[in-house]
Amino acid sequence: MGKTYERIDGRLRAFIESQPVFFAATAPLADDGHVNVSPKGRSGTLVVIDELTLAYLDFGGSTAETIAHLRENGRITLMWCAFTGPPTVVRVHGRGEAVFRDDPRFAGLVGRFDPEADGSALRAIVLVHAERVSDSCGFAVPLMEYREDRSLHADFFDRKTDPEFAVYCEGKDYVGTSIDGMPALPLPLPPRPAV
């Protein structure tokens, strides 16, 4: 059934890169803290940088729980499910960090993504260093047909200038601090660096 792997290469890399959606799971250290699982999509917003490193674009629009948990303890699990083809589930357990707009690495990391995937609401890049890579059967995952990405998120935020997006972030609940009151996205949001 399931196997663990030393690295993300070959078949695993091809599988990860071909999935239209994945899930990111994080949790605070506190026993009564809220565990968070977020669906991630939009074509081209995840890249495999090398055999043990992945990155994805973190857009505004909802809370910043993942960022808060990564700032506190760095633990993250990414999961992909095969909704078509052979039944497979792949998980990458690792350590993550949010690379913010004012980090010198930000512009270089953005350059690794397809320019079409970038968007007006980009607030950070989540960098994940894999510590455990595994797959399992996925026999219970349903077969579903992918039609297309939704454009609602991009359409909404593309109408905002970068300063307007910064104001939006400051006015939204659970962006500067998490549901559990932990520091999340540093505010005020710095301007996007030129790439």
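The values are calculated or read from the model by the stated rules, or taken from the named source; none is laboratory data. Just so it is clear, the structure is predicted and the values come from calculations on it, not from any experiment. Note: ideal-geometry Cβ built from the backbone for every residue, glycine included; neighbour counts use all protein chains shown. Ligands, DNA and RNA are stripped out before the accessible areas are found, and what is left, the full protein with its side chains, is counted by its heavy atoms. Shrake-Rupley method; radii C 1.70, N 1.55, O 1.52, S 1.80 Å.
Taking the Cα centre of each part, how many Å lie between region 1-54 and region 141-195? The two parts, judged by their Cα centres, are 19 Å apart. Short-range pairs are left out: with C-alpha atoms under 8 Å and at least six residues apart, the relative contact order of the chain is 26 percent. Put simply, when 8-18, 31-41, 55-65, 136-146 are sorted by average Cβ atoms within 10 angstrom per residue, most first, you get 55-65, 8-18, 31-41, 136-146. Taking all protein chains into account, the per residue accessible area for the chain stands at 53 Å² (1.4 Å probe).
Working note: Debye formula, equal point scatterers on the alpha-carbon atoms of region 77-188, no solvent; log10 I(q)/I(0) at q = 0.11, 0.13, 0.19 Å⁻¹ is -0.54, -0.75, -1.22.
For region 131-195, what % of the accessible area comes from carbon and sulfur atoms, probe 1.4 Å? Can you show the working numbers first?
Working: 2590 of 4590 Å².
Here carbon and sulfur together make up 56 percent of the probe-accessible area.
Convex hull volume of the Cα atoms of the chain, normalised per residue: 126 Å³.
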